[in-house]
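Read through the structure below, which is laid out as structure tokens, and then see the notes.
All of the numbers you see were taken from the coordinates with simple rules; none came from a lab. These numbers come from a predicted model, not from an experiment. Virtual Cβ from ideal backbone geometry, glycine too; neighbours counted across all protein chains shown.
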Amino acid sequence: MKTRTIVTTILVFSVALSAFRLVEDVIATLGMQHQSVQRSILNNIIGRQNHSEIDESQVEDSGGNTESPYNQIKSFGIPYAKMLSAVVEGDKIAATKEMCQYLKDYVHSEKFLSDYEKARKSATPTSEPPAMDPATVEMMKQSVKDQEKELVKIKASKQVPADMIKKVEAGIADQKKMIAASGDPTPNKTKWQKLYPENPEVAIRARLEEYLKLASTVDFNAAVTVAGKKKTFANPVYEKKGLKWKAIYRAGKDVNAVTTAFVKEWLQQGVKLASVSAVPSDDNGEKTKTSEQSSSPTGSENEKFTPAKGFKSLKEKAKKVLN
């Protein structure tokens, strides 16, 4: 298990947040830029770290395993925070609330709609992979049946190692996926519509619900072992967990209790896009038109995101502490 502390709370991708001092601007104190944080929020909601044209003919990785570390990194990312020395103490509960509100404000802004539409347009497929010949599909179906029969015999013999059996099972599963996909004449379009639904609320709700489900499975009391600079879970089952699960674990029980309550309330209230007038930016927080004032449903190129009222509370607390 990697030891890098997760310091940015991105709810829907389960990005964790460490304790940090009360300061004027959480993002700046972390040595980050609003643009970088907002990009991570967008990418993690979509589940894709780049928005190149969808092409199902490209193999995800050599093993075809969507749960491999390589493919997890392609769908889930954490923005780099270089100023860790400035964020090791403080009121992490208050900070978590601030970051949760930051995320919600961005997602409810016109800038998010604009960013989402740009990403969706960029990923639009312009072609489809060649369809498999019907005869080839039938051959694959028969091959799968034969392999499944052989697998039963292999398991009954109890002479083949468990890891080898798992590889055979994974191979059969991959072939079944290919057979199922062969029935879709436009797989690129299908994947594009799934990752980039026309209404982004669908993707947002899915990520919020995913977070709640995953967080409920995390054992925050799980023991770890240390060997040099490397930490691993004592429980091998936990060590095999995905990046999101481990990010939630690193954040800690207190942080995720706050985050879970926030997400539940957000879902109960409903995802309401473009309801915030502006969101924080890296260039003096210039304000833009509200959704009622703007004539464009996705906003303009120059839209900025200035801090919501709630985001100022850290600044006020910091003044009291520092004075």
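Miscellaneous remarks
- Net dipole in debye of the range 134-181 [+1 Lys, Arg Cβ; -1 Asp, Glu Cβ; about Cα centre; nearest 20]: 160
- Under 5 Å between amide hydrogens, built in the peptide plane, is the criterion, and for K231 it picks out T3 among residues at least 5 positions away or on other chains.
- Cβ-based exposure ranking for M132, M32, in which fewest neighbours within 10 Å come first: M132, M32
- Ranked M140, M99, M164, criterion: other C-beta atoms within 10 Å, fewest first: M164, M140, M99
- Dimensionless Rg/Rh of the range 134-181 - Kirkwood Rh, Rg from C-alpha atoms: 1.04
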